[in-house]
Every structure is written in C-alpha cells, then in structure tokens.
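Structure record follows, encoded as structure tokens.
The values are calculated or read from the model by the stated rules, or taken from the named source; none is laboratory data. Given the structure is predicted, the values throughout are model-derived calculations rather than measurements. All Cβ positions, even for glycine, are placed from backbone atoms using ideal geometry, and neighbour counts span all protein chains on display. Keep in mind that these areas ignore ligands, DNA and RNA; they rest on the heavy atoms of the full protein, side chains included. Shrake-Rupley method; radii C 1.70, N 1.55, O 1.52, S 1.80 Å.
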Amino acid sequence: MTQTTQETRTSAQMPQVARVPRVLRARTVALPRDAPAPHQPVGRGEAVEGLVSGGQAAGELELSRSEFARAVQLGIVRAGPPTPGGSARFTRTELDRVRSAEGFPHALREQVETLAGAQGAAGVLGVGPSRFTRLARCGHITPVGYRINRYRTVVWLYLAVELRDFATAMPELLRGSAPEADRELMAAKADLRPRAWRERHVGLLLRRTADPWEKAAVLASVLPEADVREAVPDPEERILLAALTPPVPYGHPQVPAAAAVAERLLRAEPPDEVARYRSSLACAVTGARGQSNATGERGPT
C-alpha cells in the first residue's frame, strides 16, 4: 500500500469539523476576564446558585406540572437563565415574588385554571355547547392551548378567568340571535380558533425575550418553510433561526399521528395571515442584522 493511499484513508476516517455559519459566529459574546466560568449541566431537580428546576418551582408554588407550565406560558412566573442544556431554571427572587402575591396560592391557581372543550367552557358562561362553539369559532373567545384526543380531534383549552370576564363584559352575546357578522362567518364555515391561538402564542413568546434573533425565530416558527426562505434569503440566517426555534407548547403530543394534527395548528395558513407574519419576519431580521450579538436579555412578562 502506498503512502498516498494510507494518507487518503486516514483523512477520510477523521471526523469532519462542522462549518460555523458567519451569523452564528457573530452572535458569540466574549466574556470579560473576571466573568465566572459557565455553569456545568446539572441533574433534574438540582438547584444551582439560587436557581431551581421547573419541577421544584412548581412544588414550591403549590401548582401541578400543567398549571406551572401555563403560569410560565402566560408570564405569571418568569424563567431565569436556562442551563447549558436549555432546561428552564427559576430564581428564588421570582418564586418569592409570586408567593408574596395576595391570595396565594388560590389566586394563582385561578389565574391558570383551564377548561377543555365546549362542554366545560359553556358551563362557565351559562350557555349551551353549540352557542359556545359559535362564539369561539367566530373569534370572540381565544383558546390558551390545545390537546389532541384519541380520535385525533383538536380539543381547545380556555382560561376560566377569561370566560368569566367575557360573561361579564359581553352578556348580549350569551342570549338572543347571533350578530350578522357571526352568521356570515358560520355560513362560510369559518373557524378563527387556530389563527387566534397562534396570535396569542406568538405574542406570549415575543414578550419572553429581548433578543432580536430570538424574536425573529418566533415569527419564522409559524410560517411555512417556503415563506421563510423567501423572507430570509440568506441560508446562514435561516440556520440561525432554525437553531433558535422555540419549543412546541406544553402538552404538544408525542405520538406521531396526533403530533401531525397538532403541527398544523403551529403554522399560519390563511394567505393574509401568512403575509402578515412574513412582513413581520422580514422587518425583524433587518433589525436583528444591526444587533448581531445575542443580548441574553429577557423581555417583560
């Protein structure tokens, strides 16, 4: 065997070093010389320098896992710096703030209480399920979440506190004939629930970060891939946006058949909705290019 052949085989066996996109390199933030060493990954449930895991935080706030996830989603409980692995952590200061609120823990539980489907939600409003479904489909009531049942049907979740507020503010919609606008929507078989949920979901995610690229990634996450390519022609920027894609909502199914149903809820579909998110994404990326470095800052919640 010749030396050239041996060198070729040796080179082929060596691991390839991934090329780091330029825009990812630009986001790297240099640490000052006196900065502490980065945190090492920790096990589930461990506390690190005043930070506690989501499971421990839920227990200290007297919430179930699902209630705690909803509180974080709504910005009632604000997450602290995540671990290197991406797991959320929560500061003692934040937990003390939530616990010190008036009426804790009952008031906190009321803020995150959800009802699944038309039957339970209609009971809070004192109307029948069919009227409630019409109100929700016509955009008067916005879901806060979803789940997929065993029949692969979307079951929308609603905040009980918002239903009670709606009953107080809009009693005229709970009785009598439907407004003409609603009748037109129902005649067209419209269903505004997915779109209304997406708008709420995007808004909540945007409030949870001040980083310009993360904000752009939130907008990109609700667009079809072809529209992201058109709005963001630079492939390196698209790699960055993909890397910063927010995780799927809590309760998103893992079973492939159910996940396929839920996945359709995550993407904008009506042409005017797609156009609006595309325009917002293009503006967000333009702004982010002038602030290439990640700030690490969290937005107001």
Query raised in the report: Out of curiosity, is T133 of a type in the set (V, I, T) and touching a residue at least 12 places away in the same chain (Cβ under 8 Å)?
Result: yes
**Report entry** Residue in the stretch 284-292 that is open to solvent by 40 Å² or more (accessible area, probe 1.4 Å) and within 16 Å of the chain's Cα centre (by Cα) present
**Finding:** no
Query raised in the report: In this structure, does F68 turn out to be assigned to a loop (DSSP other than H, G, I, E, B) and in contact with a helix residue (DSSP H, G or I) (Cβ under 9 Å, 6 or more places away or on another chain)?
Result: no
Query raised in the report: Does R150 count as open to solvent by 40 Å² or more (accessible area, probe 1.4 Å), basic (K, R) and in contact with a strand residue (DSSP E or B) (Cβ under 8 Å, 6 or more places away or on another chain)?
Result: no
**Report entry** V155 being within 20 Å of A262 (Cα to Cα), touching a helix residue (DSSP H, G or I) at 6+ places or on another chain (Cβ under 6 Å) and either open to solvent by less than 60 Å² (accessible area, probe 1.4 Å) or at pLDDT 95 or above (or both)
**Finding:** yes
**Report entry** Flag if T10 is at pLDDT below 95, assigned to a loop (DSSP other than H, G, I, E, B) and either closer than 30 Å to R147 by Cβ or polar (S, T, N, Q) (or both)
**Finding:** no
Report summary line: Of the residues in the stretch 200-233, those that are over 25 Å from S64 (Cα atoms) and surrounded by fewer than 14 Cβ atoms within 10 Å (Cβ to Cβ) come to E225, A226, R229, E230, P233
Report task. Return the only residue of A217, A210, A231, A187 being at pLDDT 95 or above, hydrophobic (A, V, I, L, M, F, W, C) and out of contact with any helix residue (DSSP H, G or I) (no Cβ under 8 Å at 6 or more places or on another chain). Result -> A187
Query raised in the report: Only one of (1) among the charged types (D, E, K, R); (2) touching a Ser or Thr at 6+ places or on another chain (Cβ under 6 Å); (3) open to solvent by less than 30 Å² (accessible area, probe 1.4 Å) is not met by E94, so which one is it?
Result: (2)
Report summary line: Of those in the stretch 179-199 that are aliphatic (A, V, I, L, M) and open to solvent by 40 Å² or more (accessible area, probe 1.4 Å), the residue nearest to the chain's Cα centre (by Cα) is L192
Query raised in the report: In the stretch 79-111, what residues are assigned to a loop (DSSP other than H, G, I, E, B), modelled with pLDDT of 95 or more and either under 19 Å from R208 (Cβ atoms) or of a type in the set (A, V, I, L, M) (or both)?
Result: A101
**Report entry** Cβ pairs under 6 Å, 6+ apart, first in the stretch 137-150 and aliphatic (A, V, I, L, M) and at pLDDT below 95, second part of a strand (DSSP E or B) and buried (at least 20 other Cβ atoms within 10 Å of the Cβ)
**Finding:** none
Query raised in the report: What's the number of the condition A181 fails, among (1) within 20 Å of R267 (Cβ to Cβ); (2) in a helix (DSSP H, G or I)?
Result: (1)
Requested in this report: Collect the residues in the stretch 112-147 that are assigned to a helix (DSSP H, G or I), open to solvent by 50 Å² or more (accessible area, probe 1.4 Å) and small (G, A, S), keeping them in residue-number order.
Outcome: G123, S130
Report summary line: Listed by first then second residue, the pairs whose first member lies in the stretch 267-285 and is farther than 15 Å from E237 by Cβ and of a type outside the set (A, V, I, L, M), whose partner is modelled with pLDDT of 95 or more and assigned to a helix (DSSP H, G or I), with beta carbons under 6 Å and at least 6 positions apart or on separate chains, are E273/R195; Y277/L219; S280/L219
